[in-house]
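Peer 1: Once you've had a glance at the structure underneath, I'll fire off some questions.
The values are calculated or read from the model by the stated rules, or taken from the named source; none is laboratory data. The shown structure was predicted, so the numbers you read here are calculated from the model rather than taken from an experiment. Positions of Cβ are backbone-derived with ideal geometry, glycine not excepted, and every protein chain shown enters the neighbour counts. Each accessible area value is taken on the protein alone, full model and side chains, heavy atoms only, with ligands, DNA and RNA left out. Shrake-Rupley method; radii C 1.70, N 1.55, O 1.52, S 1.80 Å.
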Amino acid sequence: MSQKVVMEIPANPTLGDLRKRKHELRVAAYCRVSTAEEEQQNSFEVQVNYYTEKIAQHDGWQLAGIFADDGISGVRTKKREQFNEMIELCRRKKIDLILTKSISRFARNTLDCIKHVRILKSWGIPVIFEKENIDTSNMNSEMLLTCLSSFAQAESESISGNVTKGIRMGYKQGRFAFRYTGFAFQKGLDGEPEIILKDAQTIRMIAQEFLNGDSLKIIKEKLEKAGILSPAGEPKWTTQTILRILQNEKYAGDVLLQKTYTEDFLEGKVKKNNGELPQYYIKDNHPAIIPREMFFEIQEELARRRSKKPANTKKAKTNCGKFTSKYALSERLVCGDCGCYFRRVTWNIHGRKQIVWRCINRLECGPKACKDSPSLKEDELYSAILKAICSLVQDYQREMVATLQEVFLHCIGGENATINPLIIEDRFHKLDKDLDRLLTMEGSEIVDLRIKQISDKMLQLRQMKKRAELDALQNMGRESQIKKIMKLISAEDLDLTEYSDTLVYRIVERIAVLSKEKIRIRFIGGVEIIQSLH
């Protein structure tokens, strides 16, 4: 048997991957700038021209495409359409080599950079980073690339932090970029927000109809029936769009800054600011479409509708706290026995229809749930409410104007005069002076104790001032509402010959059914009248 012979064939890199040597390398370039500003736009165009010429002039290279994301962040690859298109072509073996200016142009996220380099390498496609002089086809270790990618990510994080800090410092000074959506406001010739009259009429209509008792759904139907286009220019409206209009302080001439924030610049997820960061409220920033008092009244009404529940939920077994706008009494007429709302019911007695109001708890659960609740005829109920309103108006027109005003104003915070923000501010400044004086004195146990007491008191006053300012804002809407009621019931042309759902909705807070003969009507502001039903 002959002896085995082992012959070594020397390595020859020039013969590697013969398939690629048979044809020109299909080379693609990737460019990116993160903002759409003019200087960045010039840089973007320069990059595209540079790679187009470079690939065209290189022997053995064939242009496979210039992929460029303009005005897109490099932190995440999800939104970079051109980048993702390039990766897809690589997967389909349409590209042999990728050129890019630097790691930061390719990806500012270390994990994204390493992930895509590994994927491309597994497909046999190298990436050349020109600035760092890295060719992934000749790279034996990922350590250098990982370090450089980390530097690029850290740079991006630093830039993001500086930009965010600059924006927030601007907020403190009342400087911000007003967002124009093409609805309600447009940029005027002086660069300031200018009201679009057509849209302003729509906003005022929505606000007034809402305060008149219409639900979001009814307002939606009215807008569509009138042929009014939505902010998106569509003939169809959504209740969410109407709700956003009602909650938007910009229509009252004010601006609330930092409603949302980005927690992690890598993820880029926007979160609602629920107190994690300070907010800044700028009053009278631009022309108002609706009065500020009306805006606060709307917010109060929204909160009231959201919180509609029976007065006594222990006995009530039905879910009857849902807001309804069809009848004003549906959310005002309450059973004096179980605290549940009343519902409008149609009886058919020997072919004759009769409308009555009955306790929902008794209707659905029987006499055991609500024993003494009566059924009230609608015409008698309407008549009694109308008489009570007439009585209120007559009292006002005669001698009770001073009493009514005192009761109304008392309910909007007259008793809180002791926590007036101005009085609190004065107390705070006095304590601050005392603290400065104590700090200049020689230290002792008594002085240190007094300094602690004053510091604690100052902290308490700060908290009281915040609460007082918040209460003052909330009471503005309430005060406006009460003034309108005073004006309404004193109007000479007030029609009190027929029951009006709109009038009841605006001035009646609650009606308790005491018995089959009596109801207690509580008007907004606290005035109560016990009225006979017969």
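Peer 1: If you check I228, I203, I219, I242, which single one turns out to be touching a helix residue (DSSP H, G or I) at 6+ places or on another chain (Cβ under 6 Å) and part of a loop (DSSP other than H, G, I, E, B)?
Peer 2: I228
Peer 1: Of everything in segment 352-371 that's in a strand (DSSP E or B) and not charged (D, E, K, R), which residue is farthest from A512 (Cα to Cα)?
Peer 2: Q354
Peer 1: Give the residues of segment 173-214 that are touching a residue at least 24 places away in the same chain (Cβ under 8 Å), under 15 Å from H286 (Cα atoms), out of contact with any strand residue (DSSP E or B) (no Cβ under 7 Å at 6 or more places or on another chain) and open to solvent by 30 Å² or more (accessible area, probe 1.4 Å), sorted by residue number.
Peer 2: If the condition is that a residue be touching a residue at least 24 places away in the same chain (Cβ under 8 Å), under 15 Å from H286 (Cα atoms), out of contact with any strand residue (DSSP E or B) (no Cβ under 7 Å at 6 or more places or on another chain) and open to solvent by 30 Å² or more (accessible area, probe 1.4 Å), then E192 is the only one that fits.
Peer 1: Can you report the number of residues in segment 407-458 which are at pLDDT below 75, among the hydrophobic types (A, V, I, L, M, F, W, C) and under 40 Å from the mean Cα position of the chain (by Cα)?
Peer 2: Total meeting the criteria: 8.
Peer 1: Okay, moving on. Please work out which residue is nearest to D214 (Cα to Cα), limiting yourself to segment 496-528 and to residues that are more than 41 Å from the chain's Cα centre (by Cα) and part of a strand (DSSP E or B).
Peer 2: Restricting to residues being more than 41 Å from the chain's Cα centre (by Cα) and part of a strand (DSSP E or B), the top hit is I519.
Peer 1: Still on this structure: Return the total of residues in segment 330-352 being surrounded by 18 or more Cβ atoms within 10 Å (Cβ to Cβ) and hydrophobic (A, V, I, L, M, F, W, C).
Peer 2: Qualifying residue count, segment 330-352: 6.
Peer 1: Filter segment 215-230 down to the residues that are free of Cβ contacts under 8 Å to residues at least 12 places away in the same chain and under 23 Å from the mean Cα position of the chain (by Cα), then identify the one that is least open to solvent (accessible area, probe 1.4 Å).
Peer 2: S230
Here's the yes/no breakdown for (1) at pLDDT 90 or above; (2) surrounded by fewer than 18 Cβ atoms within 10 Å (Cβ to Cβ); (3) touching a helix residue (DSSP H, G or I) at 6+ places or on another chain (Cβ under 7 Å):
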| residue | (1), (2), (3) |
| --- | --- |
| Y280 | no, yes, yes |
| I298 | yes, no, yes |
| K314 | no, yes, no |
| N319 | no, yes, no |
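Peer 1: Need the failing condition index for M458 against (1) outside any loop (DSSP other than H, G, I, E, B); (2) open to solvent by 60 Å² or more (accessible area, probe 1.4 Å), just the number.
Peer 2: (2)
Peer 1: Could you tell me which numbered condition L120 fails, if it satisfies all but one of (1) open to solvent by less than 100 Å² (accessible area, probe 1.4 Å); (2) assigned to a loop (DSSP other than H, G, I, E, B); (3) at pLDDT 80 or above?
Peer 2: (2)
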